[in-house]
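K.L.:
Encoded as structure tokens, here's the structure I'll be asking about.
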2 protein chains.
Amino acid sequence: MISEKMKEFLGKGSAIRAMFEEGNRLKALYGEENVFDFSLGNPNVPAPKEVNEAIIDLVQNEDPVVLHGYMSNVGFEDVRQTIAESINRRFDTAFSAKNLIMTVGAASGLNVILKTILNPGEEVIVFAPYFVEYGNYVGNYDGKLVTISPDTETFQPNLEEFRQKINPNTKAVIINTPHNPTGVVYSEATIIKLADILREKQEKFGSAIYLISDEPYRELVYEGAEVPYLTKYYDNIIVAYSYSKSLSLPGERIGYLVIPDEVEDSSDVIDAAAIANRILGSVNAPSLIQKVIARCCDVQVNLEFYDKNRKALYNGLTELGLECVKPEGAFYLFVKSPMEDEREFVALGKKYNILMVPGSSFACPGYVRLAYCVSHETIIGSLQAFAKLMEEIQSLEK
Amino acid sequence: MISEKMKEFLGKGSAIRAMFEEGNRLKALYGEENVFDFSLGNPNVPAPKEVNEAIIDLVQNEDPVVLHGYMSNVGFEDVRQTIAESINRRFDTAFSAKNLIMTVGAASGLNVILKTILNPGEEVIVFAPYFVEYGNYVGNYDGKLVTISPDTETFQPNLEEFRQKINPNTKAVIINTPHNPTGVVYSEATIIKLADILREKQEKFGSAIYLISDEPYRELVYEGAEVPYLTKYYDNIIVAYSYSKSLSLPGERIGYLVIPDEVEDSSDVIDAAAIANRILGSVNAPSLIQKVIARCCDVQVNLEFYDKNRKALYNGLTELGLECVKPEGAFYLFVKSPMEDEREFVALGKKYNILMVPGSSFACPGYVRLAYCVSHETIIGSLQAFAKLMEEIQSLEK
């Protein structure tokens with residue numbers, strides 16, 4: 001008796017989550033150290049010590065009625081102002097509290113903004129490979145997901161196809177940089193071209209096309225890679241941010257939307273997003289963690305840990321003959337499958353206790369995603385398992 | 001350029017939230033102690049000390065990667081099992097972890113279950129007066145809200161009209177006991193009759209009709225009032241619970257759904273609700289607070305404080321000639337307006353710095369809601385202001 005829409009999900013589930021359960025099963029069977037679980041983007045670097053220090057200080061010194069109480073649906077004003085000033089300092093922007101809405105992570109922020117802008121049947125463009133949940137979020141509001149095929153050379157967005165697919169029914173475009181699942185950072189040149197195309201099409205069709213920038217990996221970059229702050233390149237842009245990765249707080253569900261003054265009908269969009277945040281059931285982002293963020297928004301997790309994993313896994317796999325774009329950000333490698341059907345590669349990997357997510361889950365078959373937010377021992381141990389896996393594949397080919 | 005659906009909200013906003021802003025304005029103008037703000041159900045009794053003790057202990061002793069990390073979308077298994085056992089002990093039920101889904105408060109829980117079951121156009125019945133957000137939650141999934149008119153004698157649900165309005169298109173019924181805005185507790189006799197009607201109609205129409213019990217006030221009862229645990233009276237029932245009031249944690253956004261095994265297609269409903277919780281953007285309920293709840297689920301706020309306010313306000317107002325049902329639970333009085341249009345009464349109240357919410361906001365004009373989760377001084381001070389207000393009304397009538 002569940003709804004028709006939800007029936008479609010049953011059985012299908014989330015491939016990533018299914019892999020998560022499979023990982024738990026294998027670990028119980030073979031021991032944690034013998035399973036190489038690259039399936040889930042769950043940070044394994046602990047939150048910076050400042051987070052727990054802030055929690056304890058707040059609990060000991062703040063009025064509990066305020067600390068655990070309701071505030072405006074958009075979040076505590078002082079928290080939003082503090083974060084706005086942090087963004088301004090780091091990216092030379094000019095936001096204030098009113099441009100920020102605290103949300104239950106970026107996933108909730110994306111739902112809030114999609115509910116705010118989407119009419120049924122309107123189109124939202126994504127670039128493959130993309131996080132499969134985008135399709136579900138768009139579907140929540142009866143929007144239509146339009147997929148741009150991948151540029152598998154660079155995994156920068158395929159802007160030629162993008163230009164062709166924008167039409168008067170296009171309401172929004174979601175991008176994600178640093179990128180899940182490839183680890184690629186969109187270059188400034190890419191952003192400029194993308195913004196030019198959007199402006200050209202807005203003018204042509206006389207409509208607003210919102211660029212939604214999903215940024216949970218903004219701070220996770222290596223070798224000094226630059227992630228342009230996108231509000232500088234385009235007016236109708238909304239940023240969905242999360243502290244899940246930058247502060248290793250994925251379970252706490254804390255992030256924000258930035259809705260700049262330059263967005264068309266900005267104050268209507270802000271007001272409607274505040275209402276969407278309320279009526280979708282979040283009401284407000286968790287209160288204690290909001291206050292924690294205000295004290296920690298200039299802090300970040302230890303990136304050296306991820307960087308060490310990144311190098312070891314990238315070097316190890318390429319030495320085994322596997323191909324992938326060297327990631328500049330996030331904590332994923334997107335590896336070309338040595339077997340034509342990457343799901344067979346994923347299945348064979350399980351024989352060696354290697355858990356990978358098929359690229360089909362990101363609308364990009366022929367590749368697999370490895371999340372290297374795991375212990376360094378797992379990386380090192382996995383390379384022997386990968387060597388055996390590759391031997392078996394080579395023997396199959398003979 | 002916001003969606004047509006959201007445009008309807010702009011300008012309208014929430015009357016309760018607007019009053020909240022008005023309260024802040026008046027307090028800045030006249031001083032906090034001179035404003036009698038009965039508008040918002042924001043608990044002013046601090047969380048029990050066990051909450052902050054649990055937070056500090058967890059932060060000092062738990063692995064931060066677990067404490068702040070992802071878990072299953074339904075919540076930590078140990079947390080759900082602990083809460084299930086607490087419910088079983090207190091209400092003689094037989095739930096286990098699998099029957100519980102941790103949610104971002106009851107508001108999110110209601111959204112999750114409505115998304116799980118509702119097809120567009122299906123009807124959800126509510127009993128006036130009702131929490132206005134129910135209409136918005138139902139509207140999120142394109143359901144149709146059907147209102148049963150109030151029984152203003154007792155504020156128990158009007159079961160005769162209820163029986164008449166159930167039809168083959170009825171998918172769910174939302175009830176709320178102890179009740180916002182009246183403070184009434186539905187009697188066991190009411191629950192038995194209501195369940196009988198639902199069973200009769202299920203049989204007649206050959207369809208499942210879900211009873212959704214919104215229970216944020218379950219623990220807030222006075223003079224030994226009993227709140228029947230509803231899963232004992234009807235099979236197709238889902239409980240949406242929140243710790244916002246029982247532990248004074250409204251800002252933390254923590255609650256759960258109970259989906260009993262007796263619900264038709266129970267495991268499909270549980271699986272679909274877990275997916276709805278994920279794709280609506282919550283992903284999971286906040287992790288640290290989940291663990292806190294497991295340690296505090298048998299604790300509750302100091303009810304004497306609310307009870308003292310309840311008696312003082314009820315006695316004070318009835319002595320002034322105002323009429324209302326004596327509340328047995330929650331922290332609201334629902335007072336009959338001494339002026340025909342209660343919005344005029346609310347407007348006149350502001351002259352005396354008294355903030356009340358018009359009954360129209362609960363689909364029950366002619367009444368006003370007073371939330372007595374305020375300081376006792378506010379109650380005492382307000383009685384003088386109410387006396388002057390009543391004098392002015394009497395002089396107007398002459």
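K.L.:
Condition check: part of a loop (DSSP other than H, G, I, E, B), open to solvent by 10 Å² or more (accessible area, probe 1.4 Å) and under 22 Å from residue B:218 (Cβ atoms). Does residue B:182 satisfy that? If you could, list the steps in order and put the result at the bottom.
P.N.:
Working: part of a loop (DSSP other than H, G, I, E, B): yes; open to solvent by 10 Å² or more (accessible area, probe 1.4 Å): no; under 22 Å from residue B:218 (Cβ atoms): yes.
Spelling it out, it is not the case that residue B:182 is part of a loop (DSSP other than H, G, I, E, B), open to solvent by 10 Å² or more (accessible area, probe 1.4 Å) and under 22 Å from residue B:218 (Cβ atoms).
K.L.:
Filter region A:349-364 for residues that are over 29 Å from residue A:146 (Cβ atoms) and either open to solvent by less than 10 Å² (accessible area, probe 1.4 Å) or part of a helix (DSSP H, G or I) (or both) and give the result. Spell out the reasoning first.
P.N.:
First, pick out the residues of region A:349-364 that are over 29 Å from residue A:146 (Cβ atoms): A:349-355.
The answer is A:349, A:350, A:351, A:354, A:355.
K.L.:
Right, another one. On the given criteria, is residue B:170 surrounded by fewer than 24 Cβ atoms within 10 Å (Cβ to Cβ), among the hydroxyl-bearing types (Ser, Thr, Tyr) and closer than 30 Å to residue B:372 by Cβ?
P.N.:
No; evaluated as a whole, the condition is false for this residue.
K.L.:
Please find, among A:108, A:207, the residue that is within 14 Å of chain B (Cβ to nearest Cβ), crowded, with 23+ Cβ neighbours inside 10 Å and small (Gly, Ala, Ser).
P.N.:
Step by step, each of A:108, A:207 is checked, and only A:108 is within 14 Å of chain B (Cβ to nearest Cβ), crowded, with 23+ Cβ neighbours inside 10 Å and small (Gly, Ala, Ser).
K.L.:
Also, quick follow-up: Starting from region A:306-321, take each residue that is free of Cβ contacts under 8 Å to residues at least 60 places away in the same chain and hydroxyl-bearing (Ser, Thr, Tyr) and list its partners that are open to solvent by 10 Å² or more (accessible area, probe 1.4 Å) and not in a helix (DSSP H, G or I), counting only C-beta distances under 8 angstrom and pairs at least six apart or across chains.
P.N.:
Qualifying pairs under 8 Å: A:314/A:324; A:314/A:326; A:318/A:324.
K.L.:
Which condition does residue A:220 not pass, out of (1) closer than 27 Å to residue A:326 by Cα; (2) touching a Leu at 6+ places or on another chain (Cβ under 6 Å); (3) of a type outside the set (Gly, Ala, Ser), if it passes all the others?
P.N.:
Against the list (1) closer than 27 Å to residue A:326 by Cα; (2) touching a Leu at 6+ places or on another chain (Cβ under 6 Å); (3) of a type outside the set (Gly, Ala, Ser), residue A:220 comes up short only on (2).
K.L.:
Still on this structure: Any idea how many residues of region B:260-281 are in a helix (DSSP H, G or I) and either without any contact (Cβ under 8 Å) to a residue 12 or more places away in the chain or open to solvent by 10 Å² or more (accessible area, probe 1.4 Å) (or both)? If you could, list the steps in order and put the result at the bottom.
P.N.:
Within region B:260-281, the subset in a helix (DSSP H, G or I) is B:266-279.
Subset that is either without any contact (Cβ under 8 Å) to a residue 12 or more places away in the chain or open to solvent by 10 Å² or more (accessible area, probe 1.4 Å) (or both): B:266-268, B:270-271, B:274-275, B:278-279.
Looking only at that region, the number is 9.
K.L.:
Looking at the structure I just gave you, is residue A:321 surrounded by fewer than 20 Cβ atoms within 10 Å (Cβ to Cβ) and on the phi > 0 side of the Ramachandran plot? Break it down into steps so the answer makes sense when it comes.
P.N.:
Working: surrounded by fewer than 20 Cβ atoms within 10 Å (Cβ to Cβ): yes; on the phi > 0 side of the Ramachandran plot: yes.
It is true that residue A:321 is surrounded by fewer than 20 Cβ atoms within 10 Å (Cβ to Cβ) and on the phi > 0 side of the Ramachandran plot.
K.L.:
Could you check residue B:117 against (1) of a type in the set (Val, Ile, Thr); (2) open to solvent by 10 Å² or more (accessible area, probe 1.4 Å); (3) under 26 Å from residue A:105 (Cβ atoms) and say which number it fails?
P.N.:
Evaluating residue B:117 over (1) of a type in the set (Val, Ile, Thr); (2) open to solvent by 10 Å² or more (accessible area, probe 1.4 Å); (3) under 26 Å from residue A:105 (Cβ atoms) leaves (2) as the failure.
K.L.:
Would you confirm, using the coordinates I've provided, whether residue B:54 is closer than 17 Å to residue A:271 by Cβ and more than 9 Å from every other protein chain (Cβ to nearest Cβ)? Quick ask: steps written out before the conclusion?
P.N.:
Working: closer than 17 Å to residue A:271 by Cβ: no; more than 9 Å from every other protein chain (Cβ to nearest Cβ): yes.
Against the criterion (closer than 17 Å to residue A:271 by Cβ and more than 9 Å from every other protein chain (Cβ to nearest Cβ)), residue B:54 does not qualify.
K.L.:
Quick one: would you say residue B:135 is among the small types (Gly, Ala, Ser), in a helix (DSSP H, G or I) and free of Cβ contacts under 8 Å to residues at least 12 places away in the same chain? Show your work before the answer.
P.N.:
Values: among the small types (Gly, Ala, Ser): yes; in a helix (DSSP H, G or I): yes; free of Cβ contacts under 8 Å to residues at least 12 places away in the same chain: yes.
Spelling it out, residue B:135 is indeed among the small types (Gly, Ala, Ser), in a helix (DSSP H, G or I) and free of Cβ contacts under 8 Å to residues at least 12 places away in the same chain.
K.L.:
Hey, can you tell me all the residues within region A:226-259 that are of a type in the set (A, V, I, L, M, F, W, C) and touching a residue at least 60 places away in the same chain (Cβ under 8 Å)? So that I can check it myself, show each step before the final result.
P.N.:
Start the filter on region A:226-259 by keeping residues that are of a type in the set (A, V, I, L, M, F, W, C), which leaves A:227, A:230, A:237-240, A:247, A:249, A:254, A:257-259.
Correct list: A:227, A:238, A:240, A:247, A:249, A:254, A:257, A:258, A:259.
K.L.:
If you take the residues of region A:1-21 that are open to solvent by less than 40 Å² (accessible area, probe 1.4 Å) and modelled with pLDDT of 75 or more, which of them is nearest to residue B:70 (Cα to Cα)?
P.N.:
Taking the candidates together, the pick is A:20.
K.L.:
Let me ask another. Taking the criterion of being in contact with a Lys or Arg (Cβ under 8 Å, 6 or more places away or on another chain) and open to solvent by 20 Å² or more (accessible area, probe 1.4 Å), would at least one residue in region A:306-316 satisfy it? Walk me through it before giving the result.
P.N.:
The first filter runs over region A:306-316 and keeps only residues in contact with a Lys or Arg (Cβ under 8 Å, 6 or more places away or on another chain), leaving A:314.
Then keep just the ones that are open to solvent by 20 Å² or more (accessible area, probe 1.4 Å); that gives A:314.
Looking for residues that are in contact with a Lys or Arg (Cβ under 8 Å, 6 or more places away or on another chain) and open to solvent by 20 Å² or more (accessible area, probe 1.4 Å), one finds at least one in region A:306-316, hence yes.
K.L.:
Now a separate question. Return only the number of the condition from (1) assigned to a strand (DSSP E or B); (2) more than 11 Å from chain B (Cβ to nearest Cβ) that residue A:164 does not satisfy.
P.N.:
Of the numbered conditions (1) assigned to a strand (DSSP E or B); (2) more than 11 Å from chain B (Cβ to nearest Cβ), the odd one out for residue A:164 is (1).
K.L.:
Would it be correct to say that residue A:158 is surrounded by fewer than 24 Cβ atoms within 10 Å (Cβ to Cβ) and more than 22 Å from residue A:117 (Cβ to Cβ)? Lay out the reasoning, then the answer.
P.N.:
Numbers: surrounded by fewer than 24 Cβ atoms within 10 Å (Cβ to Cβ): yes; more than 22 Å from residue A:117 (Cβ to Cβ): yes.
When the stated conditions are applied, residue A:158 passes them.
K.L.:
Here is a further query. Does at least one position in region B:10-29 carry a residue that is touching a His at 6+ places or on another chain (Cβ under 6 Å), assigned to a loop (DSSP other than H, G, I, E, B) and within 12 Å of another protein chain (Cβ to nearest Cβ)? I'd like the intermediate steps shown before the answer.
P.N.:
Of the residues in region B:10-29, the ones touching a His at 6+ places or on another chain (Cβ under 6 Å) are none.
Within region B:10-29, none of the residues are touching a His at 6+ places or on another chain (Cβ under 6 Å), assigned to a loop (DSSP other than H, G, I, E, B) and within 12 Å of another protein chain (Cβ to nearest Cβ).
K.L.:
Taking residue A:86, is it part of a helix (DSSP H, G or I) and in contact (Cβ under 8 Å) with a residue 24 or more places away in the chain?
P.N.:
On the way: part of a helix (DSSP H, G or I): yes; in contact (Cβ under 8 Å) with a residue 24 or more places away in the chain: yes.
So residue A:86 fits the description; yes.
K.L.:
Here's a follow-up. Can you name every residue in region A:183-215 that is under 28 Å from residue A:111 (Cβ atoms), out of contact with any Asp or Glu (no Cβ under 6 Å at 6 or more places or on another chain) and hydrophobic (A, V, I, L, M, F, W, C)?
P.N.:
A:184, A:191, A:194, A:195, A:197, A:198, A:205, A:209, A:211, A:212
K.L.:
Being open to solvent by 20 Å² or more (accessible area, probe 1.4 Å) and more than 24 Å from residue A:397 (Cβ to Cβ), is that true of even one residue in region A:328-348? Give the derivation first.
P.N.:
The first filter runs over region A:328-348 and keeps only residues open to solvent by 20 Å² or more (accessible area, probe 1.4 Å), leaving A:328, A:336, A:338-341, A:343-344, A:347-348.
Now restrict to residues that are more than 24 Å from residue A:397 (Cβ to Cβ): A:328.
Looking for residues that are open to solvent by 20 Å² or more (accessible area, probe 1.4 Å) and more than 24 Å from residue A:397 (Cβ to Cβ), one finds at least one in region A:328-348, hence yes.
K.L.:
Looking at A:60, A:81, which one is assigned to a helix (DSSP H, G or I), within 30 Å of residue B:133 (Cβ to Cβ) and of a type in the set (S, T, N, Q)? Can you show your working first?
P.N.:
Details: A:60 fails: within 30 Å of residue B:133 (Cβ to Cβ).
Residue meeting the stated conditions: A:81.
K.L.:
Given the condition among the small types (Gly, Ala, Ser), more than 8 Å from chain A (Cβ to nearest Cβ), at negative phi and crowded, with 21+ Cβ neighbours inside 10 Å, answer yes or no: does some residue in region B:66-88 qualify?
P.N.:
There is at least one residue in region B:66-88 that is among the small types (Gly, Ala, Ser), more than 8 Å from chain A (Cβ to nearest Cβ), at negative phi and crowded, with 21+ Cβ neighbours inside 10 Å.
K.L.:
Restrict the check to region A:45-52 and report whether at least one residue is at pLDDT 95 or above, surrounded by 23 or more Cβ atoms within 10 Å (Cβ to Cβ) and touching a Ser or Thr at 6+ places or on another chain (Cβ under 9 Å).
P.N.:
Within region A:45-52 (the criterion being at pLDDT 95 or above, surrounded by 23 or more Cβ atoms within 10 Å (Cβ to Cβ) and touching a Ser or Thr at 6+ places or on another chain (Cβ under 9 Å)), the answer is yes, since at least one residue qualifies.
K.L.:
Among the residues of region A:129-154, write down those that are of a type in the set (A, V, I, L, M, F, W, C) and open to solvent by less than 10 Å² (accessible area, probe 1.4 Å). Break it down stepwise before answering.
P.N.:
Step one: filter region A:129-154 for residues of a type in the set (A, V, I, L, M, F, W, C), giving A:131-132, A:138, A:145-146, A:148.
Residues satisfying the conditions are A:138, A:148.
K.L.:
Now, a different point. Every residue in region A:335-368 that is in contact with a Gly (Cβ under 7 Å, 6 or more places away or on another chain) and within 24 Å of residue A:44 (Cβ to Cβ), please.
P.N.:
In the first step, residues of region A:335-368 are kept if they are in contact with a Gly (Cβ under 7 Å, 6 or more places away or on another chain); the result is A:336-337, A:342, A:355-356, A:359, A:365-368.
Passing the criteria: A:355, A:356, A:359, A:367, A:368.
K.L.:
Just to verify a result, which residue in region A:263-304, among those that are of a type in the set (Ser, Thr, Tyr) and closer than 26 Å to residue B:47 by Cα, is nearest to the other protein chains (Cβ to nearest Cβ)? Spell out how you get there, then give the answer.
P.N.:
First, the residues of region A:263-304 that are of a type in the set (Ser, Thr, Tyr): A:266-267, A:282, A:287.
Right, trim to closer than 26 Å to residue B:47 by Cα and you get A:282, A:287.
On the way: A:282: 6, A:287: 3 Å.
Filtering first and then ranking leaves A:287.
K.L.:
Okay, moving on. Among the residues of region B:224-239, is any outside any loop (DSSP other than H, G, I, E, B), of a type in the set (Ser, Thr, Tyr) and within 14 Å of another protein chain (Cβ to nearest Cβ)?
P.N.:
No, the conditions are met nowhere in region B:224-239.
K.L.:
Could I ask something else about it? Which ones in region B:331-348 are out of contact with any Lys or Arg (no Cβ under 8 Å at 6 or more places or on another chain) and part of a loop (DSSP other than H, G, I, E, B)?
P.N.:
B:337, B:338, B:339, B:340, B:341, listed by residue number.
The values are calculated or read from the model by the stated rules, or taken from the named source; none is laboratory data. Keep in mind that what you see is a predicted model, and the values were worked out from it rather than measured. All Cβ positions, glycine included, derive from the backbone under ideal geometry; neighbour counts span all protein chains shown. Please note that ligands, DNA and RNA were not included when accessible areas were found on the heavy atoms of the full protein model with its side chains. Shrake-Rupley method; radii C 1.70, N 1.55, O 1.52, S 1.80 Å.
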